[in-house]
Each structure stands twice: as C-alpha cells, then as structure tokens.
Amino acid sequence: MPPKTSEDPEQNPYDLLEISQEATEAEIRTAYRTRSLKVHPDRNRNDPNAAQKFHALTTASTLLLDPLRRLALDAQLRLQAAKKQRFASYDNKRKAMVSELEEREKEFKGRMAKEQKRTARESENMRICEEGRRMREQREKELELQELERQCARMKPESNGIVEEEPLAPPPLGDLDTTIRIKYALSSYPALSTASALTAHLRQYGEIDEGMVVMLQKANKSKKPKGVVDGEMIVTALVPFNQLGAAFAVVSNAESLKERGMDVAWAGGSKPPILGWLHERGELGGPAANRAEPLPTKPTPEGTTFGSFPSSFVSI
C-alpha cells in the first residue's frame, strides 16, 4: 500500500504536528523539530516505518510553511468540517424521522389492536343479541304452540257436531279452606268461654277438630263494636271444620250471626279459591248447575241443623 500524502484528506498536517490551525510559523517549526527528533530513523532503527513517519512530518511542515498551499488546505479542512457537520445534522434528522416513524407505527398498531378488540366485541355483542332474538322467537313459538295445544285439548268433538269445552282444573287446596274466624263479646256469650264450649255450640254446622281450635280472650280498649263497653273481654277464635261445607254454612249465616253479636269470616281473609271453582261447576248453583249428573252428597247427620256440603246450602 503506498503511503498517504499530505494531500490525502485523511492525513491532516496539523494533526501530524499536533498543532492547531491558528498556529504561527514559529510554532510550526518548533513542532516539526520536536516531532522529527522522536520519529527520526537514526533514533528508531527498530521501527520499519520510521522513515515513512519522518517523511510525512517533513511534508506536513513544508506544506504549512507555504502560505498559499496552507490557505488551500485550510479551505479544504473547513469544507470537510462543514460537510461533516451537515452529515451529522442529516443523521440527527434521520434519527428523528426514524423515531417518529417508529412512534407512528407503534401508535398505529395500538389503534389497530383497539379497533380489532372493538370489532371483536361488537361482533360478539351482535352474536349474543342474535342468539337471544332467536331463542326469544323460539320460546314465543313454543308458547304459542302450547297455547294452541291447550285450546285444542279443551275442545272435544262430539258425534252431533257440538264442541264441548274441557272443565277448568281445580285450584290448589289451602290450609285454611275449612277454617273460620269468630269474634264476639264474652258478655254476649258467657257460656262460650272455652274451646270445648265453642266447639259444642258450632257443631250444629258440622264436625270440628276441637284440638285445633285456637281461642284468645282480650280486654277491649279501642274501636269498640256496637254494644261493647270499654274494658269488656273480647273472644277471638279460629275454628277448623272437618268439611268445607260446614265452614261455608257458618259463613253463609254471617249476617244473621252478626245481628246476634258474633262476627264470622274466613280465617284466610277472603273466600277460598275452591269455592269459586265449585261455583263455576255449578256445585253451588253457578252457571253449570244444569249438569246431567250432580255430585253425590252425604246424608245429614242426626241432631244437626245443616246437611253436608254442598247440596243443602244456598247458592252464592
């Protein structure tokens, strides 16, 4: 490889002599003498490059001691520095652009990920809504079909072409269907101070489970019934009959009993639903009272005023 010349842009004479570009002619000569003594071939016999180094120092000092060539060298060095600075600026801009592009790419990927999640969520919501709509329509169809089947089941074709509607199903039986609530002043019925006495008094309507009768006596202090004085003992009792007809008989005579100072009502607060069902069937003189075959009734026990339910009671 040939040695680098002083004109080589990589071989800076100022750097070889270790001086600045503002060095004077005297400083150049002094630097040359100092550096040449260090690299002189006679003092560096073991260094094969000593002659080349000495020649480069001599060439550098000769160039710098020539004002015109030094002027051209300084201009060349300024251009190189400006170019280097310009490239450094370009490099910074390139780095900034790369960073900006990377940031934009990262932001774009984040937006795309969010958009994909949103799209997936909307798709899932649409799927759920569609599934719910389909299930709802299917359920509505099933209900319509069940209603149609019920209507068809109620209608029985007869040989004469007359369609007969199927009877309504009876309501569930309640625990208080045969229990009545009785309230009276003890002064009006002094003999009815015990459950057994009250049971014996009401047995004219039907058999009673005496052990299940609940009786409470309490002094009246407010809202006095007609004919009841303040502080008078009021008896409230729950009386369970063995048969619904007996309880119905007592409640049917509520108006008459009230005139005699005894309030009678259903223990549940209202008429048992089974009475409405019996009324619809005509068992109590309702719209189906003209049925072909009446239900069998039990004979009236001896010593009682009313017969067993329902044949001996008035219609409601």
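The values are calculated or read from the model by the stated rules, or taken from the named source; none is laboratory data. Because the structure is predicted, anything quoted here is derived from the model rather than measured. Cβ sites come from the backbone with ideal geometry, for glycine too, and all protein chains shown count toward neighbours. Accessible surface areas use protein heavy atoms only, side chains included; no ligands, DNA or RNA. Shrake-Rupley method; radii C 1.70, N 1.55, O 1.52, S 1.80 Å.
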Enter the accessible area of Lys218 (Å², nearest 10), with the probe set to 1.4 Å and all protein chains included.
-> 140
Taking the Cα centre of region 28-166 as origin, sum charge times position over the Cβ atoms of Lys and Arg (+1) and Asp and Glu (-1), and report the length of that vector in debye to the nearest 20.
-> 3020
Give the dimensionless ratio obtained when the Cα radius of gyration of region 1-156 is divided by 2.2 N^0.38 Å.
-> 2.87
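What FRET efficiency would be calculated for the residue pair Asp74, Asp42, taking the C-beta separation as r and a Förster radius of 45 Å, to the nearest 0.05? Walk me through the numbers on the way to the answer.
Numbers: r = 33 Å, r/R0 = 0.74.
It comes to 0.85.
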So for His279, His55, what's the accessible-area order with a 1.4 Å probe, most first?
-> His55, His279
Could you tell me the accessible area of Tyr189 in Å² (1.4 Å probe, neighbours in place), rounded to the nearest ten?
-> 40
Based on Cα positions only, what radius of gyration and what Dmax would you give for region 51-101, in angstroms?
-> 18.0, 53
Tally of Lys pairs whose C-alpha atoms are under 28 Å apart, taken over region 82-141, 8 or more apart or cross-chain | 11
Compare the Cα positions of Val98, Phe87, His55 along the charge dipole of region 49-125 (+1 at Cβ of Lys, Arg; -1 at Cβ of Asp, Glu; about the Cα centre) and return the one farthest towards the positive end.
-> His55
